[in-house]
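Below is one structure, written out as C-alpha cells; comments come after it.
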Amino acid sequence: GVKTMIRMGTSGSLQPNLPANCFVIATGAIRGEGASKEYIPEEYPAVADVDVVCALRQACQEYGVKPYLGIIRSHDSFYIESPGAHGGKEGVNERIRPWVDAGALAVENESSALFTVASLLGGIRAGTILLCGNYLGQTYGSMSTSNRDDYKEKVDLMTKITLRAIEIIDQLPDPEDIRNG
C-alpha cells in the first residue's frame, strides 16, 4: 500500500565544484547497478517522481538550505569509484571521468533501482535526498560524510527536510497508474 518512498542517504561528489556537505536531490539516476536490469532493459530510465523532487526542494528552502538538483549515478560496488579502491588517487579519475564530464552530481548505490521499480509498479512516487561528501577525485576518504563534526546535525536536518516533504506530498492526490484504468 505504499504510495511514496524517499531515500535519505549519503554520497560522494562527482563534481569538484559541488560544495562538500551539501544536499543533493536526485532528478534521475544512471543505472549502473544490476538489480533494476533484472526487471527491465537498461534503456528504461530511472527517474525520480516530480512531486517528490519539488516537495524536497520546497522543504529545503523552508529550512534555509540550498539544494543541488540533478542526475546522480547508482552502482553496486560500494567505494569502487573512490581513491581507496584504486590504491590511492591513481585510476579513480579515469573511472569517474565520464560521469564528471556528463554532469552527474553524486554517486551512491540505491536510487536507480528504487526509481525504476517504483515506476514499473506504477502509482508509487520515489525520490532521493543525499548528504554529499567531497569530490571523489581527491584523496582516500574524501567522500566520507560520517567523520565530520556536524554529521549528526546534518542527518537531523535531512530528516526534518524529508518529513516536511512528506507533509507536502500528503496534501497531493494519490499518484495514478494509468495502466490500470
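The values are calculated or read from the model by the stated rules, or taken from the named source; none is laboratory data. Given the structure is predicted, the values throughout are model-derived calculations rather than measurements. All Cβ positions, glycine included, derive from the backbone under ideal geometry; neighbour counts span all protein chains shown. To get the accessible areas, we keep the full protein, side chains included, count just its heavy atoms, and leave off ligands, DNA and RNA. Shrake-Rupley method; radii C 1.70, N 1.55, O 1.52, S 1.80 Å.
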Under 5 Å, built H, 5+ apart or other chain: amide partners of Thr10: Leu131
Other-chain or far-sequence residues with amide H under 5 Å of Ile72's (modelled H): Thr27, Gly28, Ala29, Ile30, Leu105
Accessible area of the chain belonging to carbon and sulfur atoms, whole % at 1.4 Å probe: 51
Other-chain or far-sequence residues with amide H under 5 Å of Met5's (modelled H): Arg125, Ala126, Gly127
Euclidean distance between Cα centres, segment 29-45 to segment 103-117, Å: 10
Cβ charges +1 (Lys, Arg) and -1 (Asp, Glu), total dipole of the chain, debye: 300
Helical contribution to [θ] at 222 nm, DSSP H n ≥ 4, -39,500 (n - 2.57), averaged over the chain, rounded to 500: -10000 deg cm²/dmol
Karplus 3J(HN,Hα) series, Hz, for segment 14-29 with 6.51 cos²θ - 1.76 cosθ + 1.60 (x for Gly, Pro): 9, 10, x, 9, 7, x, 4, 6, 8, 9, 10, 10, 7, 8, x, 9
Nearest 10 degrees, 0 to 90: helix 111-121 Cα axis against the chain principal axis: 20
Thr4 accessible area, assembled protein chains, probe 1.4 Å, Å²: 40
Accessible area (Å², 1.4 Å probe, nearest 10) - Ile161: 0
Rounded accessible area of Tyr39 (nearest 10 Å², 1.4 Å probe): 150
Degrees between helix 50-62 axis and first principal axis of the chain (Cα, 0 to 90, nearest 10): 70
Cα-based helix-to-principal-axis angle, 151-170 vs the chain, degrees rounded to 10: 20
Rounded FRET efficiency, nearest 0.05, which uses the C-beta distance separating Val65 from Asp177 and R0 of 25 Å: 0.20
